[in-house]
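Bear in mind that the values in this text are calculations on the coordinates, not laboratory data. As the structure is a prediction and not an experimental result, all values here were calculated from the model. Don't worry about glycine lacking a Cβ; one is built from the backbone with ideal geometry, like all the others, and counts go over all protein chains shown.
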There are 2 protein chains.
Amino acid sequence: MTLPLHERIRSKIEAAILSGALRPGARLPTEHELMREYDCARMTVSKALSSLAAAGLIDRRKRAGSFVARPKVHSMVLDVPDLEQEVTQRGQRYRFELAKRIVKRPDIGHDEEIQLAGSGDLLLIEGVHFADDVPLAVEARLVSLTAVPEIAAQAFDRSSPGAWLIRYVPWTEAETRIGAVPANREVAARLNLPPGSACLFIERRTWRGDEGITLVRQHFVGSAYDLIARFGSARSMAEVKKQSVQNGDASAQE
Amino acid sequence: MTLPLHERIRSKIEAAILSGALRPGARLPTEHELMREYDCARMTVSKALSSLAAAGLIDRRKRAGSFVARPKVHSMVLDVPDLEQEVTQRGQRYRFELAKRIVKRPDIGHDEEIQLAGSGDLLLIEGVHFADDVPLAVEARLVSLTAVPEIAAQAFDRSSPGAWLIRYVPWTEAETRIGAVPANREVAARLNLPPGSACLFIERRTWRGDEGITLVRQHFVGSAYDLIARFGSARSMAEVKKQSVQNGDASAQE
DNA sequence: AGACAATTAATGTCTATACATTAAAGCTGA
DNA sequence: TCAGCTTTAATGTATAGACATTAATTGTCT
């Protein structure tokens, strides 16, 4: 490659972080060590580190050094990160009720499953999120056991797989699809709604590099959940401040 | 302020861009001119400009200079920027049908209108977006005439106010609320749907600095519209690639 | 006039150095 | 012991200069 040196340094460290070789919280070499490693001036490594810090991948502390940042919920502009946290933060009691949890091979004919699984197996997790014992959303999730073998040891009989994944598996790409759909019989039954009720539907796939991690489909009770995102355009794009549960009379058109 | 010099330079230029004093396409001073203006070294102004470039606010071209970037749709992670463009891009014919267009004072009791209008008036625009003559969404929009007096001259009898605003009025903050609601009688009638059908509801407010620009509420036909956002976490957050019209059988839970 | 080459004005990268700032770590004394 | 001071190792900011790279401009030759 003929990339500028500071870019090469940056992407080497970035790769180490994203691959998991450098785990969240780990300390990375000091600028002086990096100068020696790459035989360059301090400004050059500083530029690389500044860029990583600006992207939120690392935290830098004077006298202490630079550390791999723990993945911050707020950096994910459209993720619906941690229902558990959102619900408890509002003073409600959160519960995840596991309905199904099986290891399966990807279905032939379901391209997205095959693409996600690669040559390995999938963990299928289905369940319902409750706030104060009122159902808030149903979730059906597939996790690649190739990408995340550790998840096999997790029970998820009370906490949700989403929260666990967010904490332990960094992703590099995500695609989110948002729509409004009527509740079918199964969803309606699980959410305790009349069939046909409007539900917010969210489907999200995440990858780490080329490797698929998870595919999740969630149906939220339309009258109880809004997704809210705030952001500033110019300053750091990562300023989403809130994603909140419960809407009021949002449907009123004026 | 005791901000570092490169930050002060950055924010001064940024303010000039966001306020409209420096318009898109305008050329800004060369690094040498800025060195003289701020009596500092070239690396310092370079740092400021690099930061602006990284944020997508300016484009830099060797030999030519640095220019204010034209606002890019893609840098807005959750904006639903230009329905017109999305529809035509899919090979369909787009039409905006204006239903109402009045100047009004903010209603007492509607806090959001008062907050938006400040001491001035509001332009209320209501209409329907069509793709190939099939209604896709209804929209009710308020625009602050204080912030955007130029909009009074626009007709919007065929093109939508959203497209116009995106092009001519840069914003600094946005808040988007997304939900799923049943169509009420009025919405159902305008969208040619049975009442109660699931609709994707989007409400967005945007500001430039402290000044409110617009508040828009849109109801999309649930069975015809999905919002899709892709992004990478680490690399530039601004990599949303698509927001697409039309869903298929997304409601199937597996 | 038009193709091509040379000039040059801008940004891009990098070095080497200096001093400022912060906070961890160690030290000292009541 | 522990509060408070001092040291010090790290990042943060800035300077001044060198050379590289790119592409707009200008000049030259046909």
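Tell me the relative contact order for the range A:73-221 as a rounded percent, counting alpha carbon contacts under 8 Å between residues six or more apart. It would help to have the intermediate numbers written out before the result.
Working: 303 pairs, mean separation 34.2, N = 149.
This gives 23 percent for the range A:73-221.
Hey, quick one: spin label on B:Asp157, modelled 7 Å out along Cα-Cβ, who in the range B:122-146 has an amide N within reach, i.e. under 13 Å?
none
Suppose the chain between A:Val134 and A:Ala16 were pulled fully straight at 0.36 nm per residue; how much longer would it get relative to their current alpha carbon spacing?
Details: separation 118, 0.36 × 118 = 42.48 nm, distance 4.25 nm.
Stretched out fully, the A:Val134 to A:Ala16 stretch lengthens by 38.2 nm.
Any idea what the alpha-carbon Rg over 2.2 N^0.38 Å comes to for the range A:1-145? List each step's numbers first, then the result.
Numbers: Rg = 21.1 Å, N = 145, 2.2 N^0.38 = 14.6 Å.
Relative to the 2.2 N^0.38 Å estimate, the range A:1-145 comes out at 1.45.
For the range B:86-95, take each phi angle, set θ = phi - 60°, evaluate the Karplus expression 6.51 cos²θ - 1.76 cosθ + 1.60, and give the result in whole Hz per residue in order, putting x for glycine and proline.
4, 5, 5, 4, 8, x, 9, 8, 9, 8
What Kirkwood hydrodynamic radius do you get for the range A:5-68 when you take the inverse of the mean 1/r over all pairs of distinct Cα atoms, in Å? It would help to have the intermediate numbers written out before the result.
Values: mean 1/r = 0.0869 Å⁻¹.
That comes to 11.5 Å for the range A:5-68.
Give me the percent relative contact order of the range A:5-68, please, defined on Cα pairs under 8 angstrom at least 6 residues apart. Write down the numbers at each step before the final one.
Details: 59 pairs, mean separation 27.4, N = 64.
Here the relative contact order equals 43 percent.
Defining the label point at 7 Å along Cα→Cβ, can you sort the distances from B:Glu186 to the same site in each other copy, shortest first, in nm?
3.8
To make sure I understand the rule: partners must be aspartates and glutamates, Cα under 17 Å from the Cα of B:Lys47, and not fewer than 8 residues away in the same chain. Which ones qualify?
A:Glu7, B:Glu7, B:Glu14, B:Glu31, B:Glu33, B:Glu37, B:Asp39, B:Asp59
How many nanometers, to one decimal and shortest first, lie between the label point of A:Ala16 and those of its other copies, if labels sit 7 Å from Cα toward Cβ?
4.0
For an R0 of 45 angstrom, estimate the FRET efficiency from the Cβ-Cβ distance between A:Tyr168 and A:Arg42 and round to the nearest 0.05.
Details: r = 34 Å, r/R0 = 0.76.
FRET efficiency, A:Tyr168 to A:Arg42: 0.85.
Taking each label point as 7 Å beyond Cα in the direction of the beta carbon, state the distances from A:Asp107 to the same residue in the other copies, shortest first, in nm.
For A:Asp107, the other copies' label points sit at 4.7 nm, shortest first.
Equivalent ellipsoid semi-axes for the range B:73-221, as square roots of 5 times the alpha carbon gyration tensor eigenvalues: give them largest first, rounded to whole Å. Walk me through the numbers on the way to the answer.
On the way: eigenvalues 114, 64, 46 Å².
Output for the range B:73-221: semi-axes of 24, 18, 15 Å.
Label points 7 Å out from Cα along the Cβ direction at B:Arg105 and A:Thr88: separation in nm?
A separation of 5.1 nm, rounded to one decimal place.
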